[in-house]
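Worksheet: one structure, shown below.
The values are calculated or read from the model by the stated rules, or taken from the named source; none is laboratory data. These numbers come from a predicted model, not from an experiment. When we count neighbours, we look across all protein chains shown, and the Cβ atoms used for this are built from the backbone with ideal geometry, even at glycine.
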Amino acid sequence: MNRRDADLLTLSIAAEPLDAPMRELVRLHGADAVAAACRGESGTPEVPTAWRDRVDLSPVDAVLEAAAAAGARWVTAGRAGWPVALDDLASVDDPGLAPWGLWVRGEGPAEVTRAVSVVGARACTTYGAEIAGDLGADLADRGWTVVSGAAFGIDGCAHRGALAVAGRTVAVLACGVDVAYPQAHANLLDRIAETGWIVSEHPPGAAPLRHRFLTRNRIIAALGAGTVVVEAAPRSGSLNTLRWADRLGRASMAVPGPVLSQQSGGTHLAVRRGEAVLVASADDVAEELDGLGWSDHGASEALTDEARRIHEALAREQGLGIGDLTSVLELPVRSVRAGLAMLERRGCARRGSDGWVVLRGLPG
């Protein structure tokens, strides 16, 4: 492991992913200096004793050894296996939202490039379980990777639906990738790892603490081109994932349910407030994603005016992010994402660790 990746791993051990004081120190002094201070190699900058204690208790070498035993690997932005969709977390209004890195366990493809996130209530109804299973299967059958959180209820049903048609699915955990949580899903997680990924920001052995479920929601939302909520109470963590999807310019979707069902109260509220588009099937989900440029027409689709304007902007200045393009071109985030996706499928632009860059000119 090179020094950069080891420094980022150190930061992930020392504090929680969205720890504001650490993010500020890294902004001021750089990841290398803060990591060295956490390891006790330097007194500048001054870091909390708790950070040093955590690194002393779980030094990088010991964490890597535990990861190797679990068949897990540490990947960071710009390295092979990094899901570049997560780079969008650095493009929203708070640059401190991007993960330091990601632990990955599984035999999935080199990268998650075409995914839909499906989440919902743990205490789901039979109706919700059937819908989630059907969505998982139908989306996977269309070639989509199904992303969820491996929890009881909707999450587990979505994963199983994808597996039932030999599709790929990704589980984003709020604990270490070697921790089976919930324990009853140990076999499910093993099945997911056979063809897909189990991922986490947290080092091997990390416990599933309550606050970690909310922070991992941004990862679930970022990995998918859109997020579908199947059953959620009005104050549900699943709606937090939906809001992350909207903030990132992803498609935000919700499945309706019986009007008297408490489990569907949150999805109905999201639709009524305009925070989600109502969908009832994989066909509806595909139609909504088409609007973000994820249609199956491939290179035959005509470039939109927005895509051409984006290409021109990138030709003038490489390395722009979605937020930059939104400001420069005065376009909605959704239009920018659709245009970039279209350019990427044409091989005209690519998203890298430092933003989007032009690869070649537009076809005539």
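For region 156-202, a residue qualifies if it is out of contact with any helix residue (DSSP H, G or I) (no Cβ under 8 Å at 6 or more places or on another chain), over 21 Å from VAL116 (Cβ atoms) and hydrophobic (A, V, I, L, M, F, W, C), and the qualifying residues are VAL179, ALA184, ALA186.
Look at ARG337 and say whether it is at pLDDT below 90, among the charged types (D, E, K, R) and in a helix (DSSP H, G or I). In short, yes.
Of everything in region 116-145 that is over 16 Å from GLY224 (Cα atoms) and of a type in the set (Ser, Thr, Tyr), the residue that is surrounded by the most Cβ atoms within 10 Å (Cβ to Cβ) is THR125. Residues in region 180-214 that are touching a residue at least 12 places away in the same chain (Cβ under 8 Å), of a type in the set (D, E, K, R) and more than 18 Å from GLY136 (Cα to Cα): 2 in all. For region 169-179, indicate whether the set of residues that are over 21 Å from LEU135 (Cα atoms), in contact (Cβ under 8 Å) with a residue 24 or more places away in the chain and not hydrophobic (A, V, I, L, M, F, W, C) is non-empty. Looking through region 169-179, at least one residue is over 21 Å from LEU135 (Cα atoms), in contact (Cβ under 8 Å) with a residue 24 or more places away in the chain and not hydrophobic (A, V, I, L, M, F, W, C). Are any of the residues in region 94-102 crowded, with 21+ Cβ neighbours inside 10 Å, out of contact with any Ser or Thr (no Cβ under 6 Å at 6 or more places or on another chain), acidic (Asp, Glu) and closer than 22 Å to LEU18 by Cα? No: zero hits.
Residues that are in contact with a strand residue (DSSP E or B) (Cβ under 6 Å, 6 or more places away or on another chain) and modelled with pLDDT under 95: does region 168-189 have at least one? Taking every residue of region 168-189 in turn, at least one turns out to be in contact with a strand residue (DSSP E or B) (Cβ under 6 Å, 6 or more places away or on another chain) and modelled with pLDDT under 95. Kindly provide the set of residues from region 21-47 that are in a helix (DSSP H, G or I) and among the aliphatic types (A, V, I, L, M), ordered by number. If the condition is that a residue be in a helix (DSSP H, G or I) and among the aliphatic types (A, V, I, L, M), then MET22, LEU25, VAL26, LEU28, ALA31, ALA33, VAL34, ALA35, ALA36, ALA37 are the ones that fit. Summed over region 215-238, residues that are in a helix (DSSP H, G or I) and under 20 Å from HIS159 (Cβ atoms) total 10.
If you filter region 247-277 down to residues that are buried (at least 19 other Cβ atoms within 10 Å of the Cβ) and farther than 19 Å from ALA132 by Cβ, you find that the one that is nearest to the chain's Cα centre (by Cα) is LEU248.
Looking at region 181-191, is at least one residue closer than 13 Å to ALA151 by Cβ, surrounded by 16 or more Cβ atoms within 10 Å (Cβ to Cβ) and aliphatic (A, V, I, L, M)? Quick ask: steps written out before the conclusion?
The initial filter retains those residues of region 181-191 that are closer than 13 Å to ALA151 by Cβ, namely 181-185, 188-189.
Within this subset, residues satisfying the condition of being surrounded by 16 or more Cβ atoms within 10 Å (Cβ to Cβ) are 181, 185, 188-189.
Imposing the further condition that a residue be aliphatic (A, V, I, L, M) reduces the set to 188-189.
Yes: region 181-191 contains one or more residues that are closer than 13 Å to ALA151 by Cβ, surrounded by 16 or more Cβ atoms within 10 Å (Cβ to Cβ) and aliphatic (A, V, I, L, M).
Quick one: how many residues across region 181-196 are out of contact with any Lys or Arg (no Cβ under 6 Å at 6 or more places or on another chain) and more than 11 Å from GLY156 (Cα to Cα)? Qualifying residue count for the region: 7.
Please enumerate the residues belonging to region 239-263 that are outside any loop (DSSP other than H, G, I, E, B), hydroxyl-bearing (Ser, Thr, Tyr) and at pLDDT below 95. Quick ask: steps written out before the conclusion?
As a first pass, look at region 239-263 and keep what is outside any loop (DSSP other than H, G, I, E, B): 239-247, 251-255, 262-263.
If we keep only those that are hydroxyl-bearing (Ser, Thr, Tyr) too, we end up with 241, 252.
Passing the criteria: only SER252.
Taken as a whole, the structure leaves ALA62 outside the set of residues that are farther than 20 Å from ALA206 by Cβ, part of a helix (DSSP H, G or I) and of a type in the set (A, V, I, L, M). On inspection, VAL55 does not qualify as out of contact with any Lys or Arg (no Cβ under 7 Å at 6 or more places or on another chain) and closer than 20 Å to LEU209 by Cα.
Pairing each residue of region 1-16 that is under 11 Å from VAL63 (Cβ atoms) and modelled with pLDDT of 95 or more with any residue that is surrounded by fewer than 22 Cβ atoms within 10 Å (Cβ to Cβ) and of a type in the set (Ser, Thr, Tyr), provided the two are 6+ apart or on different chains, yields C-beta distances under 8 Å for ILE13/SER58.
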